[in-house]
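Data block below; observations after.
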Amino acid sequence: MPFKELTDNINSTSDKAQEYLENTAEYLKLRLFKSSMKFATSLINMLLLGSIGILLFMFLSVGLALYLNTLLDSASAGFFIIAGIYLLGFILIAIFGKNFITRRILSKFSELLEDNDDEDFSAKDVAKENMKEVMMEKVIEEKTI
């Protein structure tokens, strides 16, 4: 009889370990899906807002250049002034802005990949609890034998 109980315990432990592995795999799939969806929606939002922002910026630039053209009584001076402002901004960003931009992008995307939801009681947690129960049962049975 003790061998049958031992065999049953080993089979139970094996079943629970298999269930734990399956639950862990499901948890990782769900977490990957969640992270990829967060990333995709964030990317779409940034592209949409960036496109609208670029169009707005372009029309304001052309309008300002045309206004400067009328003030300076020249057909092209306003466009050259606006282009010079953009060139100056480009140089400043190239020299001083790389680290700032890199930090901002990394922090934004690391926030997207963080999994800090309080309601996220997942399959992994359930599997851990099941394994704890099996181990406790095994310890109790060994002490009683």
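A few comments on the model shown:
- Inter-probe distance in nm under a simple model that places probes 7 Å from Cα toward Cβ, at Q18 and A94: 6.3
- Contour minus Cα-Cα distance for A25 and I101 (0.36 nm per residue): 23.8 nm
- For the range 55-66, Karplus couplings with θ = phi - 60° (6.51, -1.76, 1.60), whole Hz, Gly/Pro x: 4, 4, 4, 5, 5, 5, 5, 5, x, 5, 4, 5
- Net charge of neighbours whose Cβ lies under 13 Å from the Cβ of M46, counting Lys and Arg as +1 and Asp and Glu as -1: +3
- I85/K34 FRET efficiency (R0 41 Å; Cβ-Cβ; nearest 0.05): 0.45
Since every read-out is calculated from the coordinates, none of them should be taken as a lab result. No experiment lies behind these values; they were computed from the predicted model shown. Quick reminder, even Gly has a Cβ in these numbers, built from the backbone with ideal geometry, and neighbours come from all protein chains shown.
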